[in-house]
Amino acid sequence: MRSRILTPAFVLCALPAVAQETGLTLAIQLEPPHLDPTSAAAGAIDSVLYANVFEGLTRFASDGSIEPALAESWEVSEDGTTYTFALREGVTFHDGSAFDAEDVKFTLDRARGEDSTNAQKVLFEGIEEVAVVDPQTVEITLAEPDGALPFNLAWGDAVIVAPESAEDIKSAPVGTGPFVFDEWVQGDRIELARYGDYWGEAPALETATFRFISDPTAAFAAMMAGDIDVFSNFPAPENLPQFENDPRFQVIMGSSEGETILAMNNAEPPLDDVLVRQAIAHAIDREAIIDGAMYGIGTPIGTHFAPHHPDYVDLLGLSAHDQERARTLLAEAGLSEGLRLSLKLPPPPYARRGGEIVAAQLREIGIETEIVNLEWAQWLEEVFRGQDFDLTIVSHTEPMDIGIYARPDYYFQYASPAFQQIMATLKATTDPEERSELLAEAQTTIAEDYVNGYLFQLAWPTVAAAGIEGLWANQPTQANPLADVRWTE
Amino acid sequence: MLSYALRRLISLALSLAVASLAIFLVVEVAPGDPAGFMLGTGAQPDTVAALRAELGLDQPKLERYLSWAGGMLSGDFGTSYTYRTPVAGMVADRLWVSLPLALYALALSTLLAFPAGLYAAARRGRAGDVAVMGATQLGIAVPNFWFAMLLVLLFSINLGWFSAGGFPGWSDPLAAIKALTLPAFALALPQAAILARVLRSSLIDVLGEDFIRTARAKGLTRFQALWRHGVRNALIPVLTIVGLQFSFLLAGAIIIEQVFFLPGLGRLIFQAISQRDLIVVESVVMLLVFAVILVTFLTDLAYAWVDPRLRRRR
């Protein structure tokens, strides 16, 4: 431990901490581009606003389950195509206007409209009509049964906005949540304040300040200097042990929804050959990647599914680290020598550091890779939309996104009618037990087809001052709900 | 002096026109679509198209260049793609951090460099000179972001005198200046080292001139001669460096602004590049080019003021 020199100045600085009990300064890595969760993919928007300023009909609980929010309850018709939501009474927007069924209709019609810029428009695709029955009741009619509607409506992209304020929410968000947007000093901070007329239990915090620090060293310094009370997704994993051993701090090790995968181009030779993909899967040593690239934090996965989800199936055995087997498979495919593949890496450390290790592991079985580092915008254009790549490493952070494997035009281009059939059946199934079985089948299918190399679930480390409780450990969706957060000392 | 200034002004305007075209072309050629970036991996093609239309990205390039360049002439820098607020306002907000920081750092580096350079020149070849030159060598060698981390480690984490970063705003000027102190020092140190070395060698050159010998012969001490006759004559190279440094301090604070998470221009451009907020990138780069050209212009004027020979057309 570094010695702390106690000077009068330090003592003076420490005193106001007593009065700080109802305020919280929380840091996240990226600043939101704007403050409208319904028209951008940036996770940082939800990190600040989800469940704090904005709420949806339903919402994610910290364990990933779906709970009622602005809808008190809902009923599904016999045939599964009509959902009737009973809305909560006495809910007001921060501008004082009342929340009612018209707001729900406006929000959903806006999100699925012709000129909608909702980044997850696909969530609302199945909705045929949104009807206002009375001010407290909304009826949503679907084209076909979809058991996932309450889940879809819990996303940050589906939060309820009011027609009176929707125009300006990019800079002045008006929601129904426990906190009111107060001020945004661009580049520096966003301030929220407790909403006095909140329908639920009043939060313990009076004010909350979000700051944006992406530099790992700056994050460490800000935490150590006491400028920041909580850092969600702390960017310097190498410093975590130091915080763990310091009684002034707590480290909360959670899991994100980020399945980190070595994605492969299933449509182009040689990776259209399942033998080659399987060889690559066996060449990968997940523990070495987690240790080397992530300082040991992260959970190995054997399929594209979050290991903390109750329906997760452990399929690690299918792609166990086995170089001998990998070489045999390559020989079987007739490619034991001279195979060269491109490995295109987006900026996050899991990809850049992980990519170097993956390249070394592939070299062991005789595959040379050509590493190309890309900015996110380039990656999206070249790899994701242009599908011009052999291998890439990326973390898929959307919750429950195994459905992407049913889209043959999705960037890794897995076209399996069998898998598509499983997903179609899943969509029409509402019985929980049957759904679990189908999800298990889906996970097994993509693992047996070696669509991608499944590496690890991205961890979500939070560093906080010792006296804070009520923070989310896991990230079922990117969010920092502050309603239950309080100082205990 | 006036016609000299006028000639300089015309070349300034030409440089700006060429720069605006170059910036626009380079930024537009870079891969990555702003709308596609904003909507991420879950978006459908029609959503991306809708956003492109909303942002005006579906317009032809020439039209977009003309409206951007034309707008700038009337002070309208366009609207940011991601933030959806006028770029001029955003830049103005950030300038309130970056400009004072650059001036603060420039003042610090000049304050540190002048005594050091004068002292070293006066004590040329002796222990004091060697010590100062050694120190400046170190100052140039140390990367400023690393020096910044050391400052944070000592003054923020161990001593708790300063916060580790952030900017409280100018409503409390003392707190604002305090927040800029560590970053300004981190920026100023390498600049001061360079400036001190330039000043020293420039002074030593001047000290060999005949007029200094004449001054000494009149009975001035070595230091009096240096101060009264040497400094002004040694100023030209020093002014060049100061001019270059100011532009560097304004544009080059990107890393320091990251280390201290300051909401300055550097951080704005850093974010804008990664988010493909093209119009912000273009406008901020244009502004920096303008600042550099303007400072060069002012430096040229300062030369002419210091050295009347330069006013005449060669």
Handout entry: Cα shape, chain A, gyration tensor, a/c 1.5 rule
Key = oblate
Completion exercise
Each residue of A:374-387 has, on average, a number of other protein chain C-beta atoms within 10 Å of its C-beta equal to 5
Completion exercise
Residues other than B:Phe261 with Cβ under 11 Å of its Cβ, Lys/Arg counted +1 and Asp/Glu -1, net out at -2
Completion exercise
Env charge @ A:Leu426, Cβ radius under 12 Å, K,R +1 / D,E -1, value -4
Problem - Nearest-0.05 FRET efficiency for B:Glu54 and A:Asp182, computed from C-beta distance (R0 30 Å) - result: 0.60
Problem - A:Gly254 long-range amide H proximity, modeled H, under 5 Å - result: A:Trp460, A:Thr462
Practice task
Determine the relative contact order of region B:1-122: mean sequence separation of Cα pairs under 8 Å and six or more apart, normalised by residue count, in whole percent.
Solution key: 13 percent
Completion exercise
Put in order of increasing Cβ neighbours within 10 Å, starting from the fewest, B:Val18, B:Val231 give B:Val18, B:Val231
Exercise for the section: Under a cut-off of 13 Å between alpha-carbon atoms, report the aspartates and glutamates in cross-link reach of B:Lys61, not counting same-chain residues fewer than 8 places apart. Expected result: B:Glu28
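Run lengths n ≥ 4 of DSSP H only: what is the helix-derived mean residue ellipticity at 222 nm for chain A, with -39500 (n - 2.57) per run over all residues, to the nearest 500?
-7000 deg cm²/dmol
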Exercise for the section: Return the average number of partner chain Cβ atoms within 10 angstrom of each residue Cβ along peptide B:144-154. Expected result: 2
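If you take each beta carbon of peptide A:169-178 and count the beta carbons of other chains within 10 angstrom, what is the mean?
On the way: counts 0, 4, 3, 0, 0, 0, 0, 0, 0, 0.
Average neighbour count from other chains, rounded to a whole number: 1.
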Completion exercise
Counting sequence-distant residues (5 or more places) and residues on other chains, those with an amide H built under 5 Å from that of A:Thr260 are A:His396, A:Leu455, A:Phe456, A:Gln457, A:Leu458
Exercise for the section: Between B:Gly243, B:Gly42, B:Gly128, find the one with the highest GNM mean-square fluctuation for chain B; connect C-alpha pairs within less than 10 Å. Expected result: B:Gly42
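If you average the sequence gap of Cα pairs under 8 Å that are 6 or more apart and divide by the length of region B:87-311, what percent do you get for the contact order?
The normalised contact order for region B:87-311 reaches 28 percent.
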Exercise for the section: Output the antiparallel fraction of DSSP beta bridges having both residues in the protein assembly as shown, as a percent to the nearest 5. Expected result: 75 percent
Handout entry: chain A, relative contact order in percent, only Cα pairs under 8 angstrom and at least six apart counted
Key = 21 percent
Practice task
Tell me the label-point distance for the pair B:Leu99, B:Arg124, using the 7 Å Cα-to-Cβ offset, in nm and rounded to one decimal.
Solution key: 4.1 nm
Fill in the blank from the handout: The ³J(HN,Hα) series, computed from each phi in region A:59-67 with the Karplus coefficients 6.51, -1.76 and 1.60 at θ = phi - 60°, rounded to the nearest Hz and given as x for glycine or proline, is 8, 7, 8, 5, 8, x, 6, 9, 10
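None of the figures in this text is laboratory data; all of them are computed from the coordinates on show. Since the model is a prediction, treat every value here as computed from it, not as a measurement. Quick reminder, even Gly has a Cβ in these numbers, built from the backbone with ideal geometry, and neighbours come from all protein chains shown.
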